[in-house]
1. For region 225-266 and region 377-449, write down the distance between their C-alpha centroids in whole Å.
2. If you count, for each residue, the other Cβ atoms within 10 Å and average over each peptide, how do 159-165, 428-434, 231-237 line up from highest to lowest?
3. Return the distance in nm (one decimal) between the two label points of a simple spin-label model at Gln332 and Lys347, each offset 7 Å from Cα along Cα→Cβ.
4. For the pairs Lys146/Lys350; Lys265/Lys400; Lys203/Lys416; Lys146/Lys265; Lys146/Lys400, flag any whose C-alpha to C-alpha distance is greater than 27 Å.
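Taken together, the values in this text are just the output of simple stated rules run on the coordinates, not laboratory data. What you see is a predicted model, and the numbers here were worked out from it, not measured in a lab. Methodologically, a virtual Cβ is constructed for each residue, glycine included, from the backbone with ideal geometry; neighbour enumeration extends over all protein chains shown.
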Amino acid sequence: MTQEKRDVSATTDAASRNDKSHVKNDLQERVQVRNYSSQSVAADDEGVTLRPPARTGSGDGSDGPQKQNIQNNLPLLAFVAGICLFLTGLLIGRSGLGGVPNNVVGADPEDRVEFGLFWDAWDMLLDRYVDKGDIDSQKMLYGAIKGMFASTGDPYTTFLDPEINQAFEEEINGSFDGIGAEIGLRGNLLTIIAPLDDSPAEKAGLRAGDSIIQIDGEISSDLSIEDAVKKIRGERGSVVVLTIFREGDNDTQDISVTRDKIEIKSVTTERTASGIGVIRVSQFGTDTDQIFREELEKMQRDGLRKIIVDLRNNPGGILGGAIQMVSVFVPQGAVAVIEQSSGGAEKVNKTNRKPLFDNDTEIVILINQGSASASEIFAGALKAHLGDRVTLVGQKTFGKGSVQELIQMSGGTSAKITIAKWLTPDRQVIDGEGIAPDVEIEISDEDYDNDRDPQRDIAQQILEGTYDPITVVADDDDAVDKTADQASQQNADKSVDRPAVGDEVQE
């Protein structure tokens with residue numbers, strides 16, 4: 001049996017259509033014939049054919065197998081007859097005689113989609129486009145799938161073609177050529193979520209929160225996140241010009257960035273003269289949680305009980321790594337994050353290792369608008385469980401609180417699909433909301449220009465016991481005095497009782 005053909009033009013070149021029909025037929029086979037693994041399926045220039053079982057006669061005109069063998073094979077013949085009945089029903093259904101045309105997909109009448117429109121558009125482009133020889137059917141297929149994913153309106157539900165998929169895997173593994181910046185969408189604007197530490201992006205002056213208006217002169221609003229990444233990345237030594245807009249500026253500016261090999265060292269540590277351990281986490285990669293625990297084990301053995309965890313400009317990464325890092329500080333079996341899927345179903349992710357530190361450890365977590373995803377999970381979980389032992393310092397986080405499942409597909413492609421939203425253990429919504437700091441302080445342009453870090457300074461003061469919540473140092477020369485009422489309200493906010501972790505969790 002062959003697939004039905006649809007004419008969209010009386011002037012269609014039949015030979016050209018036949019040359020391209022194998023692509024269309026292959027796609028139709030995937031849509032309409034699903035998982036008939038017991039049948040032998042073959043594609044030819046005329047369509048898809050279900051091949052019947054081969055005949056087993058002697059071929060010499062004789063009566064074939066003896067009666068004894070026929071009787072012995074009655075069960076097999078009955079099975080074949082059943083298959084034939086099944087195929088008859090299948091053929092009727094696919095031909096439209098069963099009431100549903102063969103170009104309609106969906107069992108529920110309300111969900112049925114007229115797939116003929118897709119094929120009409122496919123044929124029309126192949127038949128009428130002026131430069132037919134330039135058309136790449138594989139790119140057409142990828143583009144159609146990307147459009148299908150984009151129709152959800154969710155920038156994180158995406159199809160990754162082989163090139164983008166490979167780049168994504170390289171980034172997770174910690175090595176790639178590019179500028180070293182995580183980008184995302186904020187208010188439909190392509191935005192720098194975070195430049196990576198010591199990256200070309202950081203050296204060129206890009207900052208978290210910068211909106212990318214153009215990439216090498218091309219308007220970015222027409223690009224998906226994956227396509228933008230593809231254009232920003234490139235060979236080491238080449239230059240990309242990003243036209244960006246920064247909040248507080250009156251105009252855009254062009255920033256030229258020389259691409260380089262990006263080696264991501266996800267965890268670095270240092271110790272201050274006053275005995276504070278500082279651990280910087282730049283992303284949640286495949287081995288980040290292991291390195292994080294090992295470095296903190298060293299600090300524990302050395303008796304350090306005051307820790308700064310710097311998550312600024314950390315765009316996130318692997319969820320499992322974030323949960324393992326939470327387990328370093330909170331009790332075993334504690335809720336790390338709640339995944340809330342469609343329909344309200346919830347999955348509770350708990351820690352499964354014993355913590356390294358006792359209740360006498362004080363922690364400051366540095367966050368900013370470049371802290372996203374797994375960073376927000378970590379900060380939210382520690383704040384929910386440890387309360388006043390944890391102080392969040394900096395700026396409100398990005399607010400990327402959704403769960404994507406990465407599904408490997410054929411041909412080196414993959415799909416990222418949003419399957420749930422994240423809630424903190426005390427049920428705060430992260431997506432679109434972010435995590436607010438306990439002590440909010442920005443880094444000004446003057447701070448950037450003079451290599452000052454008032455957020456880190458405040459973190460150290462808190463752990464050293466020298467921080468005065470009434471006076472927040474804005475720079476070396478000025479100070480901003482808060483009223484007593486403001487300070488009182490801030491202290492009251494910090495002392496608000498949180499629900500006991502796990503009380504509202506349905507398992």
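1. Each part's Cα centre sits 23 Å from the other's.
2. Highest mean packing first, the order is 159-165, 428-434, 231-237.
3. The answer from the label model is 2.4 nm.
4. Going by Cα-Cα distance, Lys146/Lys350; Lys203/Lys416; Lys146/Lys265 fall outside the 27 Å limit.
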